[in-house]
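K.L.:
The following block contains the structure, expressed as structure tokens.
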Amino acid sequence: SKARGRGVYTIFSPEMSESHKRKILIANSIEAAIEENQFSLYYQPKINLNGEIDSLEALIRWHHPELGPVMPSEFILVAEQAGKITAITQWVLNQASKELAELMSIYSPKIRLAINLSVHDLRHSELFDWIYNAFQAHSVNPENVEFEVTESAYLDNFETSESLFKRLHNLGCTIALDDFGTGYSSLSYLTQITIDTLKIDRQFVMELDTSERSRLVTISIIDLARRLSLKICAEGVETISQWEYLKALGCDTVQGYLFSKPRPLADIKNQPDYQRQA
Ligand code: C2E
Ligand code: CA
Ligand code: CA
Ligand code: CA
């Protein structure tokens, strides 16, 4: 079969595995998905220590015409490998900017929206301009926006990433380090970067009830964040005991199915409050 672009094959051969075929179909459907409005954004609240909604994270969803729902855990990776993540990011930036006004009217003019960026986006020197233009087009106040990036953002090209985050910070946005504790092993970069929040990865939260080691790591991350004057958010909180534990440690915000799954804007409009599971 014939290669076209970065790892995208246009010809199906009988010996290709089903999962490989699915990847190709996904990679080749991305442009049409954008044009035909198949993507949407769901929003998941982050809850502060007073039990109030502090902010919302935008999470992309895709209803594929043939495959049905495809989750970002699958298609974001494929898009990255196919060199197509940036088109998705631009769509997300515009859609989130467009929907922010409605979220502000539902919650508060101060509500903050977190947008995920891919490491691959950071290689584009135009990224700042795309963000800036999306904000301009929809009259977004940058102070309403947080960007979530993973630690690997700094591995690729430290100077480029850091200078982008500094510019976004100067504009009024905040930066959160996503999936903290799962990637890069050195902590020395933490002293050199522009960030506001550490997000403790779901892996640690999941193990809080069962693993003393995960509890110790979580205590250490929260302690580290506090010493560096960073805010701390824990993701994937599913049980009351996890929540109680994180509250006792002074974790600033928590996010997870215990409070709410990510929901579309229409649902949120009908029922803005989160319904904590019993
Ligand atoms: P992430 O940024 O770490 O997002 C957290 C994921 O955990 C989301 O999965 C969310 O729905 C899920 N989650 C939240 N609370 C719980 C919980 O209590 N239990 C469990 N089991 N899961 C929970 P989702 O929406 O499927 O997204 C997966 C990943 O895809 C995200 O991980 C992020 O890396 C990526 N992603 C999602 N939306 C975007 C986007 O707009 N742009 C980019 N670049 N990546 C995105
Ligand atoms: Ca995230
Ligand atoms: Ca995360
Ligand atoms: Ca993740």
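K.L.:
In Å, the Kirkwood hydrodynamic radius of the chain over pairs of distinct alpha carbons?
P.N.:
19.9 Å
K.L.:
While we're here: Where a Cα-Cα gap under 16 Å defines reach, which lysines qualify for LYS84, not counting those fewer than 8 residues away within the same chain?
P.N.:
Within reach: LYS23.
K.L.:
Mind checking which lysines have their Cα closer than 22 Å to the Cα of LYS231? Skip sequence neighbours fewer than 8 apart in that chain.
P.N.:
Within reach: LYS46, LYS110, LYS166, LYS199, LYS247.
K.L.:
Taking square-rooted eigenvalues a ≥ b ≥ c of the alpha carbon gyration tensor, is segment 147-187 rounded, prolate or oblate, where a/c under 1.5 means rounded and, failing that, a/b exceeding b/c means prolate?
P.N.:
Oblate, since a/c reaches 1.5 and b/c is not below a/b.
K.L.:
Can I ask one more? Would you please give the residues with an amide H less than 5 Å from that of HIS64, counting only those at least 5 places away or on a separate chain, with H modeled from the backbone geometry?
P.N.:
When sequence neighbours closer than 5 places are left aside, the close amide H contacts are VAL70.
K.L.:
Excluding the sites themselves, what is the longest stretch of the chain that contains no GluC sites (Glu not before Pro) in a DSSP loop with at most 14 other C-beta atoms within 10 Å?
P.N.:
It runs 127-278.
K.L.:
A follow-up question, please. Search the structure for amide H atoms under 5 Å from the amide H of ARG263, placed 1.01 Å from N in the peptide plane, and list their residues when 5 or more places away or on another chain.
P.N.:
Amide H neighbours of ARG263, under 5 Å, 5+ apart: TYR43, GLN44.
K.L.:
Please give the net charge around GLY172, taking every other residue with its beta carbon less than 15 angstrom from that of GLY172, where Lys and Arg add +1 and Asp and Glu add -1.
P.N.:
Net charge in that neighbourhood comes out at +1.
K.L.:
Follow-up. Return the FRET efficiency for the residue pair LYS98, THR191: r is the Cβ-Cβ distance, R0 is 41 Å, and the value is rounded to the nearest 0.05.
P.N.:
Calculated transfer efficiency: 0.65.
K.L.:
Still on this structure, I have one more. Could you pull out every residue, at least 5 positions away or on a different chain, whose amide H is within less than 5 Å of the one on LYS231? Hs are placed 1.01 Å off N in the peptide plane, and Pro or chain starts have none.
P.N.:
Those qualifying (amide H under 5 Å, at least 5 residues apart or on another chain) are THR197, LEU198.
K.L.:
Suppose each label sits 7 Å from its Cα in the direction of the beta carbon; what would the HIS64-LEU77 distance come out to in nanometres?
P.N.:
1.4 nm
K.L.:
Per DSSP H run of n ≥ 4, the term is -39500 (n - 2.57); total these for the chain, divide by its residue number, and report the mean residue ellipticity at 222 nm rounded to 500 deg cm²/dmol.
P.N.:
That calculation yields -12500 deg cm²/dmol at 222 nm.
K.L.:
What is the sum of charges, Lys and Arg at +1 and Asp and Glu at -1, for the other residues whose Cβ falls under 12 Å from the Cβ of ALA32?
P.N.:
Around ALA32, the surrounding residues sum to -3.
K.L.:
Where does the longest stretch of the chain lie that holds no chymotrypsin sites (Phe, Trp or Tyr not before Pro) found in a DSSP loop with 15 or fewer other Cβ atoms within 10 Å?
P.N.:
Counting only loop sites that pass the neighbour cut-off, the longest clear stretch is 13-256.
K.L.:
Note the angle between two axes, namely the Cα long axis of helix 158-171 and the longest principal axis of the Cα atoms of the chain, as a number of degrees from 0 to 90, rounded to the nearest 10.
P.N.:
70 degrees
K.L.:
Given R₀ = 30 Å, what would the calculated FRET efficiency be for TRP130 paired with ARG226, taking r from the Cβ atoms and rounding to 0.05?
P.N.:
According to the calculation, E is roughly 0.30.
K.L.:
Within the chain, what's the longest stretch lacking trypsin sites (Lys or Arg not before Pro) that sit in DSSP loops with no more than 12 other Cβ atoms inside 10 Å?
P.N.:
Longest gap between qualifying sites, sites excluded: 111-275.
Bear in mind that the values in this text are calculations on the coordinates, not laboratory data. Predicted model only: the values in this text are computed from it and were never measured. With ideal geometry, Cβ positions are generated from the backbone for all residues, glycine too; neighbour counts draw on all protein chains shown.
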